[in-house]
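The values are calculated or read from the model by the stated rules, or taken from the named source; none is laboratory data. These numbers were taken from a predicted model, which means no experiment stands behind them. Cβ sites come from the backbone with ideal geometry, for glycine too, and all protein chains shown count toward neighbours. In case anyone asks, the SASA skips ligands and DNA or RNA and just uses the protein heavy atoms, side chains included. Shrake-Rupley method; radii C 1.70, N 1.55, O 1.52, S 1.80 Å.
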Amino acid sequence: AAAELAQRHASLQLQQPDGPDPVHDKESAGRWLAQELENWRGALKSAAESGEHERVLALAQAMHWYSDMHGVGELWREVFGAGAHAARQLGNAKDTAEQLNYLAWALYALCGQPREAATVHEQPAAEATGDTVTEAWTCYYGSAIRRRLGEPEQGVQLSRRSVELFSQAGYQIGVAVN
């Protein structure tokens, strides 16, 4: 995973540090990302402004694992918002739905903005992607949003639908997180 992350970041043409490669595993990748935050964030902004949608999407996808453990809501709002825009510009419904799910997560879980998350969450048409796992994740995130909005019945319905879809896809990790 660290090698893939390093390769994706190298594709953004970030300046390589002097000396041996500082990225050997997940922990060293995390340290490098924290240390170089302003550089890769700047590279993301520059790539987004230049319309380099494939690079923006690649970075946003690579950051998903890291966002679960580090950073603040505003950072992930920016990263996944740019990723969703890039995926939409590329015409990729599945990637758009995934990035909008991550953006909704950043809004409700990290920024404390469940209403804004609900607005974002209404955008993806995950079922139109033809990808059952993506649709299941969309239901999962929707469930969390609805619970935070004080709509437990809708949250339960979405959670049950999420489990149903994850089961249908044989995606046991998704079943377990519900």
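Mind checking which of T134, T119, T96 has the largest fluctuation in a GNM of the chain, springs on alpha carbons under 10 Å?
Fluctuation is largest for T119.
How much accessible area per residue does the chain have, in Å², with a 1.4 Å probe?
53 Å²
Excluding L149 itself, what net charge comes from residues whose Cβ is under 13 Å from its Cβ, given Lys and Arg +1 and Asp and Glu -1? Write down the numbers at each step before the final one.
Values: positive: R115, R146, R147, R148; negative: E116, E122, E151, E153.
Result for the neighbourhood of L149: 0.
Between Y140, Y108, Y66, find the one with the highest GNM mean-square fluctuation for the chain; connect C-alpha pairs within less than 10 Å.
Of Y140, Y108, Y66, the most mobile in the Gaussian network model is Y66.
Only helical DSSP H runs with n ≥ 4 go in: add -39500 (n - 2.57) per run for the chain, normalise by residue count and round the 222 nm mean residue ellipticity to 500 deg cm²/dmol. Numbers along the way, then the final one.
Details: 10 runs with 127 residues, N = 178.
Rounded to the nearest 500, it is -22500 deg cm²/dmol.
For Y171, what charge total do you get from the other residues with a beta carbon under 15 Å from its beta carbon, if Lys and Arg give +1 and Asp and Glu give -1? Write down the numbers at each step before the final one.
Details: positive: K94, R161; negative: E98, D131, E135, E164.
It works out to a net charge of -2.
Sorted by average packing, counted as other Cβ atoms within 10 angstrom per residue and highest first, what order do 169-178, 39-48 take? It would help to have the intermediate numbers written out before the result.
Numbers: 169-178: 13.3, 39-48: 17.3.
Listed from highest to lowest mean packing, they are 39-48, 169-178.
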